[in-house]
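See below for the structure under consideration.
The values are calculated or read from the model by the stated rules, or taken from the named source; none is laboratory data. Values in this document were obtained by computation on a predicted structure and should not be read as measured data. A quick note on method: Cβ atoms are made from the backbone with ideal geometry, for glycine too, and the neighbour counts reach across all protein chains shown.
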Amino acid sequence: MSEAQDGTSGGTVPVPTPETAPFWAGTLAGELRVQRCNACGRYYFYPRPFCRYCASRDVEWRTASGTGRLISYVINHRPLPPAAPDRPQIIALVELDEGPRMLTNIVGVIPEPEELPLDAAVRVDFEPRGDQALPVFRLLDSSPRR
Ligand SMILES: [Zn+2]
């Protein structure tokens, strides 16, 4: 997924390509879209015009449930802009219920290991970034906190 520097906000704003445009149109619409292979029935991410498992080009976009599990994470204590430099950022690997794994951020939780049990249930949310929206995840059984 390509990104470009946004001179106005100082942050990186996703720049949709022909392959990723349906994904970014989805995040703007509040939907997490992933591709599914019609030949082998598996979902995959990141976007590409062929199945990562069987190389079939008979693939289509589906709207994912938006729920998944926290697989792994690191707490970045020196985040780069546009993240707040004084607020640790949680960089996480999330496995969607459909199967694909995504590198993302966990938000709305205190960035401490005690607050981030592995295998915790998470749900997607979307944060504005320039004229695009980024998928982030929140813990399902955690009260909203900042
Ligand atoms: Zn396939």
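In this structure, does P88 turn out to be within 21 Å of V15 (Cα to Cα) and surrounded by 12 or more Cβ atoms within 10 Å (Cβ to Cβ)?
Numbers: within 21 Å of V15 (Cα to Cα): no; surrounded by 12 or more Cβ atoms within 10 Å (Cβ to Cβ): yes.
Here the answer is no, as P88 does not meet what is asked.
Residues checked against (1) small (G, A, S); (2) at pLDDT below 95; (3) in contact with a Cys (Cβ under 8 Å, 6 or more places away or on another chain):
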{"position": "M1", "(1), (2), (3)": "no, yes, no"}
{"position": "Q5", "(1), (2), (3)": "no, yes, no"}
{"position": "T8", "(1), (2), (3)": "no, yes, no"}
{"position": "T12", "(1), (2), (3)": "no, yes, no"}
{"position": "G26", "(1), (2), (3)": "yes, no, no"}
{"position": "G30", "(1), (2), (3)": "yes, no, no"}
{"position": "N38", "(1), (2), (3)": "no, no, no"}
{"position": "G41", "(1), (2), (3)": "yes, no, no"}
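When the residues of region 27-40 are narrowed to those that are assigned to a loop (DSSP other than H, G, I, E, B) and more than 7 Å from the ligand (Cβ to nearest atom), which ends up nearest to E95 (Cα to Cα)? It would help to see each step written out before you state the result.
To start, the set of residues in region 27-40 that are assigned to a loop (DSSP other than H, G, I, E, B) comprises 29-32, 38-40.
In the following step, the residues that additionally are more than 7 Å from the ligand (Cβ to nearest atom) were identified as 29-32, 38.
Details: A29: 21, G30: 19, E31: 16, L32: 13, N38: 21 Å.
The selected residue is L32.
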Within region 85-100, identify whether any single residue is in contact (Cβ under 8 Å) with a residue 24 or more places away in the chain, within 16 Å of the ligand (Cβ to nearest atom), over 15 Å from the mean Cα position of the chain (by Cα) and over 19 Å from A133 (Cα atoms), and answer yes or no. no
Odd one out for P47 among (1) modelled with pLDDT of 95 or more; (2) more than 16 Å from the ligand (Cβ to nearest atom); (3) within 21 Å of V13 (Cβ to Cβ): (2)
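Going by what's in this entry, would V122 be described as touching a residue at least 24 places away in the same chain (Cβ under 8 Å), assigned to a strand (DSSP E or B), touching a Lys or Arg at 6+ places or on another chain (Cβ under 9 Å) and of a type in the set (A, V, I, L, M)?
Details: touching a residue at least 24 places away in the same chain (Cβ under 8 Å): yes; assigned to a strand (DSSP E or B): yes; touching a Lys or Arg at 6+ places or on another chain (Cβ under 9 Å): yes; of a type in the set (A, V, I, L, M): yes.
Yes; evaluated as a whole, the condition is true for this residue.
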